[in-house]
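A.B. asks: Shown below is the structure under consideration.
Just so it is clear, none of the values below were taken in a lab; they were calculated from the coordinates. The structure displayed is predicted, hence computed values, not measured ones. Don't worry about glycine lacking a Cβ; one is built from the backbone with ideal geometry, like all the others, and counts go over all protein chains shown.
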Amino acid sequence: MSAPVNFTPVSGFDLPRFAGIPTFMRLPHVSIDDPAINSVDIGLIGTPWDSGTTNRSGARHGPRALRDLSTMIRAEHGANGTRPFEQANCADLGDVSPNPVDIQDGLKRMTDFYERVMAAGIRPLTAGGDHLCSLPILRALAASSPLAMIHFDSHTDLFDSYFDGNRYTHGTPFRRAVEEGLLDPKRVVQIGIRGTNYGREDRDFAESVGIRIIPIEEFFKRGVEDVMVEAREIVGDTSTYISYDIDFVDPTFAPGTGTPEVGGPNSFQALQVVRELKGVSIAGADLVEVSPPFDTNGATAWLGASLMFELLCVMV
Ligand code: MN
Ligand code: MN
């Protein structure tokens, strides 16, 4: 037997937000081994792992920075009044214990953890980690049937391999996820794609399997609301994974990431796209690629924590 958990986050009226142990959004920490895990509805989980990073690393430090800045979050959404912590039992489930020196073992540790999360009937909201973390999560979440996905990123992450056949990097997770039958490619939309290219390989693959790519030029021409109407139509009422790479946002607002691309959405548009997910059947979500070593003033982690709160508000 374990004591009943109080799922109300600590308020800044009761304890200053710079004090106390910084769990995600000042929620209770419930271990996956605690019998109380069965009363959790939404689990906030850290995946401090960046062994899939092909360029500038550091996203392994993301969960700790996101937890710290997430203590700034209050209980009520500023624009629509959603009070997520009253609508669902939310808890910090801690970090998946990573293996920074063995990619396959790292992937397995994450899938094993998320299988237990699924078994407890919990929907996960993950703080990465690099974008390869999405693959082991999808392996657990899509075990019974393929998911739809709405993916915010400046990159497609649909490449086949790097460095002579290495197929597991943060540039390849969704290629693997489609191959493994974890995603229904006709119900996948990638929004915000931009930057210089290696070539057409990733886009040719997307076209061949029916993934819809909305480049940043089209995003700005049509506007957030119109683009998100199409995104909601693409996923329909299929159970949907939301994957949010912080490099979707312009590096002015989110410089702390390994592979920034200029010419992106501002921080308000970054929040808006998540608000437009209302009504989507969300199986789980992640916010990845925050890299604190490049985040000199903490602005990226603050935006990332704010995006996690937005994601939580559309999940409840
Ligand atoms: Mn990515
Ligand atoms: Mn990216």
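A.B. asks: Rounded, prolate or oblate: pick one for the stretch 169-271, where a ≥ b ≥ c are the square roots of the eigenvalues of its C-alpha gyration tensor, a/c under 1.5 means rounded, and failing that, prolate if a/b is larger than b/c, else oblate.
C.D. replies: oblate
A.B. asks: In addition: If you take the square roots of the eigenvalues of the alpha-carbon gyration tensor of the stretch 1-64 and sort them as a ≥ b ≥ c, do you get rounded (a/c under 1.5), prolate (a/b over b/c) or oblate?
C.D. replies: It comes out oblate by the Cα gyration axes.
A.B. asks: For the stretch 94-146, compute the orientation-averaged projected area of the C-alpha convex hull (one quarter of its surface), in nm².
C.D. replies: 3.7
A.B. asks: Sticking with this one: Straight-line reach from Lys108: which aspartates and glutamates have Cα under 16 Å away, leaving out those fewer than 8 places along the same chain?
C.D. replies: Within the straight-line limit of under 16 Å, Lys108 reaches these aspartates and glutamates: Asp50, Asp95, Asp130, Glu180.
A.B. asks: Once both labels are modelled 7 Å past Cα along the beta-carbon direction, what's the Gln104-Asn297 spacing in nm?
C.D. replies: Result: 4.6 nm between the two label points.
A.B. asks: Among all the lysines, which ones have a C-alpha under 24 Å from Lys221's C-alpha, if same-chain residues fewer than 8 places away are not counted?
C.D. replies: Once the sequence-local lysines are set aside, what remains near Lys221 is Lys186, Lys278.
A.B. asks: Another question about this same structure. Could you give the C-alpha radius of gyration of the stretch 120-241 expressed as a fraction of 2.2 N^0.38 Å, taking N as the number of residues it contains?
C.D. replies: Ratio of Cα Rg to 2.2 N^0.38 Å: 1.04.
A.B. asks: A further question follows. Where a ≥ b ≥ c are the square roots of the eigenvalues of the C-alpha gyration tensor, would you call the stretch 240-316 rounded, which needs a/c under 1.5, or, failing that, prolate if a/b is larger than b/c, or oblate?
C.D. replies: Prolate shape, in that a/c is at least 1.5 and a/b is the bigger ratio.
A.B. asks: Still on this structure: In percent, how large is the relative contact order of the chain, given Cα pairs closer than 8 Å and 6 or more residues apart?
C.D. replies: It comes to 21 percent, rounded to a whole number.
A.B. asks: How long is the gain from Lys186 to His77 if the chain were fully straight, where each residue apart is worth 0.36 nm and the alpha carbon distance is subtracted?
C.D. replies: Stretched out fully, the Lys186 to His77 stretch lengthens by 36.0 nm.
A.B. asks: Another question, then. Given Cα pairs under 8 Å that are at least 6 residues apart, what percent is the relative contact order of the stretch 1-160?
C.D. replies: Once normalised by length, the contact order is 30 percent.
A.B. asks: Quick one: putting +1 on the C-beta of Lys and Arg, -1 on the C-beta of Asp and Glu, what dipole do you get for the stretch 1-75 around its Cα centre, in Debye to the nearest 20?
C.D. replies: Result for the stretch 1-75 is approximately 360 debye, rounded to the nearest 20.
A.B. asks: Same structure, new question: Run lengths n ≥ 4 of DSSP H only: what is the helix-derived mean residue ellipticity at 222 nm for the chain, with -39500 (n - 2.57) per run over all residues, to the nearest 500?
C.D. replies: -9000 deg cm²/dmol
A.B. asks: Cα extents of the chain along the three principal axes, largest first, in whole Å?
C.D. replies: 54, 39, 39
A.B. asks: Let me ask something else. Fewest to most neighbouring Cβ within 10 Å: what's the order for Ser51, Ser243, Ser281, Ser208?
C.D. replies: So the residues, fewest neighbours to most, are Ser208, Ser281, Ser51, Ser243.
A.B. asks: Moving on. Among Lys221, Lys108, Lys186, which one shows the biggest mean-square fluctuation in a GNM of the chain, springs joining Cα atoms closer than 10 Å?
C.D. replies: Lys221
A.B. asks: Between Arg200 and Asp226, what's the calculated FRET efficiency when r is the beta-carbon distance and R0 is 30 Å? Round to 0.05.
C.D. replies: The calculated FRET efficiency here is 0.70.
A.B. asks: To continue, here is another question. Give the longest segment of the chain that steers clear of chymotrypsin sites (Phe, Trp or Tyr not before Pro) in DSSP loops with at most 16 neighbouring Cβ atoms within 10 Å, not counting the sites themselves.
C.D. replies: By the stated rule (loop sites, at most 16 other Cβ atoms within 10 Å), 19-162.
A.B. asks: Going by Cα centres, the stretch 35-108 and the stretch 152-166 are how many Å apart?
C.D. replies: Going from one Cα centre to the other spans 23 Å.
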